[in-house]
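Here's the structure, in structure tokens; my notes come after.
The values are calculated or read from the model by the stated rules, or taken from the named source; none is laboratory data. Not measured: the values here are computed from a predicted model. Reconstructed Cβ throughout: ideal geometry from the backbone, glycine too, with neighbour counts over all protein chains shown. Areas reflect the complete protein model, heavy atoms only, side chains present, ligands, DNA and RNA absent. Shrake-Rupley method; radii C 1.70, N 1.55, O 1.52, S 1.80 Å.
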Amino acid sequence: MDIYNVEAAEILANEAQLLPIGEAAPIYEKLLATFPTAAKYWKQYVEAYIAAKDDEATKQIFSRCLLSCLQINLWRCYINFIRRVNDKRGSEGLEETKKAFDFMLNYVGNDVASGPVWMDYIAFLKSMPVVTPQEESHRMTTVRKVYQKAILVPTNHVEQLWKDYENFENSVSRTLAKGLLSEYQPKFNSARAVYRERKKYIDDIDWNMLAVPPTGSYKEEQQCMAWKRLLAFEKGNPQRIDAATANRRVTFTFEQCLMYLYHHPDIWYDYAMWHAKNGSTDSAIKIFQRAVKALPDSEVLKYAFAELEESRGAIQPAKAIYELLIAENAVTTSLAHIQFIRFLRRTEGIEAARKYFLDARKLPSCSYHVYVAYATMAFCLDKDAKVAQSVFEAGLKRFMHKPGYILEYADFLCRLNDDRNVRALFERALSLLPPEESIEVWKRFAQFEQTYGDLSSMLKVEQRRKEALSRTSEDALSALENTLYDVVSRYSYMDLWPCSTKELDYLSRHEWLAKNIANKGNKSVVLTNGATLDKGAVRVGSNTKLLPQSAKVVRPEISRMVIYDPRQMKGPEFSTTSSGYTKEIDEILKRLSPQMTSFITNLPAIEGPSPDMDIVLSVLLQSTLPVGHNVDKSGSQVPGPATSDLSGAGKSGLNQNGSVHRPPRDGQSTKRKNSERGRGQEEDDTTTTVQSRAMPRDIFRLRQIQRSRGLGSSQSGSAALSSGSVFSGEQSASSG
């Protein structure tokens, strides 16, 4: 059962509202145990007790939720309760209410929706009874201070608060008001500007979201990024206020963020590190303590907590965290053992680390990683190769069946230049490991001989490797054959290869293909999940498109692909009066030519992801396209479209923009025509790339003209072929 089921929680909360408080209380307790920062559930819970007039229970609930739920509606419920309780207590009650207002504004006064609270507080102060002039003067001073605080907070009522403050000062003293208002006018303007910017970030946040563990959903990621943008905005101190006030505002934003991202360890870590960066290490420690309590299963938070304690010199608290990690993860504690050994080596010395290792290796949960880590530490930090080799040998008795341990031990012996023991280790391990688990060991053995051995030992190990691994192959004979790919493997070094990339890709593909043909039988080879390759089609020089491009490329599932047919659906109705398009698009359409508008109108509807046109254009502009053909000086004509076939008219043709061109009726030959022809030839001579020429023929317009003339589908197809490649800009010769 998923205890974080949001829909089920909402159903329970709605049912609890209809029940008496005695029956609803267990439901609320269950909900709030799962969602401890859900302010709306706390508010429903406390309102149920307020309706039952159980003041003591109400106070207890408020004490449990107020500091962890900095939500304005919950706090307004609190202040209304306090005012009602103290309404008939006279001056003592008024003083308690004033303290409650100060307490509330200290925690949620920076909320963007706290404007009504400031206004309620000011109205409450103005309504307090006074007897003497001194009390009146004190009240006016208190109201002025609250106004001056309120207009500095970027809230949704900041403009109304400023107007009220102006009226207040003018009602007290116009002479004094002029100086005070001129002093606070720039501060108010800054707060108003920051509110407008702040609202952009706040509008992206879902304030009804419940805190659940990360699920990776799109909405969750969007909320995470929205909160991080708001936090970055507040950290930048856009209002340029003093550091203390700015820090309180950032703290408030972090606390609000944790109400909704309570189970996200990165938010807790950022909060603690922000405190540590600002010099408040004690506050960072408190945040980590809360984080570990909120997310007891998060090991990374415990490591970060221990790191902070160690960095400030608190060794014993850090040690207690490591011990807690080991105690809580009794089954999988190898990493905790390794980190604790390193911690002891840093803080208490070699002997403490050695003693703990001797105890840890006796535990059944101790893996070979602990041996490798301690041996490496002894070799690199303590400079004691003898102890390190003794540790590896002790572990060999227990982890001989672990290829990873064999490889780590071999690397250590290579660092010692002990090639004799390296070979002995490989031989010993390969005699015990089953063939299916020895692949990596054989590979490392072959690499070792390629690097440190002579030619005969290198070839011998390679042949032994093939023989051993051929037992796991269905076709043992093909597995024993030597190929050119083996030579490439032997004579490569790091990222240097004895062949070109093209040759390497060719060899890789044929190596992969040969193995799969041997494994899959005589008829077909499975290339991907749904595609097959007939063996008869696999031959050099033919049907090369059927070959896999690379052995490591993940290919699409083509069995479910839908053949594109523009007749399946009508293209989008592109109209400037359509409500689906913005004003910007309407303006663009008005500036387009009729031909371009017609082209856009006839575009088919798009299913699936749309390409980024900026990227497409960038790739096209940076591509090296074929060079266009020039007019031969001898007078031979450049191959062009057979316009008579396209149009069906004897002497009419098509221009490059798709319009119909006919010769003059009167047969006159003007200078303008000759000059245009001369310019066209000159342009063809000077043009070398497609990017520098005019746009190619509009094939879509061409097809429209063909349809209007009633051409058949066969003629349309031939016309499309004869018009050349739209993308390359080349013209193909007419097939007729």
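Right, residue 220: in contact with a Lys or Arg (Cβ under 8 Å, 6 or more places away or on another chain), of a type in the set (D, E, K, R) and not in a loop (DSSP other than H, G, I, E, B) or not? When the stated conditions are applied, residue 220 does not pass them. Does residue 200 meet the test of being within 42 Å of the chain's Cα centre (by Cα), touching a residue at least 12 places away in the same chain (Cβ under 8 Å) and surrounded by fewer than 16 Cβ atoms within 10 Å (Cβ to Cβ)? When the stated conditions are applied, residue 200 does not pass them. Are any residues in segment 148-167 open to solvent by less than 10 Å² (accessible area, probe 1.4 Å) and either farther than 29 Å from residue 202 by Cα or touching a Leu at 6+ places or on another chain (Cβ under 7 Å) (or both), and if so, which ones? The answer is 150, 151. The set of residues in segment 1-22 that are among the acidic types (Asp, Glu) and open to solvent by less than 100 Å² (accessible area, probe 1.4 Å) comprises 2, 10, 15.
Kindly indicate whether any position in segment 177-191 is modelled with pLDDT of 90 or more, open to solvent by 40 Å² or more (accessible area, probe 1.4 Å) and not in a helix (DSSP H, G or I). No. Pairing each residue of segment 306-330 that is open to solvent by 50 Å² or more (accessible area, probe 1.4 Å) with any residue that is outside any helix (DSSP H, G or I), provided the two are 6+ apart or on different chains, yields C-beta distances under 8 Å for 328/296; 330/365.
On the given criteria, is residue 229 touching a Phe, Trp or Tyr at 6+ places or on another chain (Cβ under 6 Å) and in a helix (DSSP H, G or I)?
The answer is yes for residue 229.
Screening 81, 62 for residues that are crowded, with 19+ Cβ neighbours inside 10 Å, under 43 Å from the mean Cα position of the chain (by Cα), farther than 25 Å from residue 234 by Cβ and of a type in the set (Phe, Trp, Tyr) leaves exactly one candidate, 62. Within segment 124-166, restricting attention to residues that are within 20 Å of residue 199 (Cα to Cα), among the aliphatic types (A, V, I, L, M) and in a loop (DSSP other than H, G, I, E, B), the residue that is nearest to the chain's Cα centre (by Cα) is 153.
Of the helices (runs of 4 or more DSSP H) that lie entirely inside segment 19-66, those containing 2 or more residues that are of a type in the set (A, V, I, L, M) and under 24 Å from residue 264 (Cα atoms) span 21-34.
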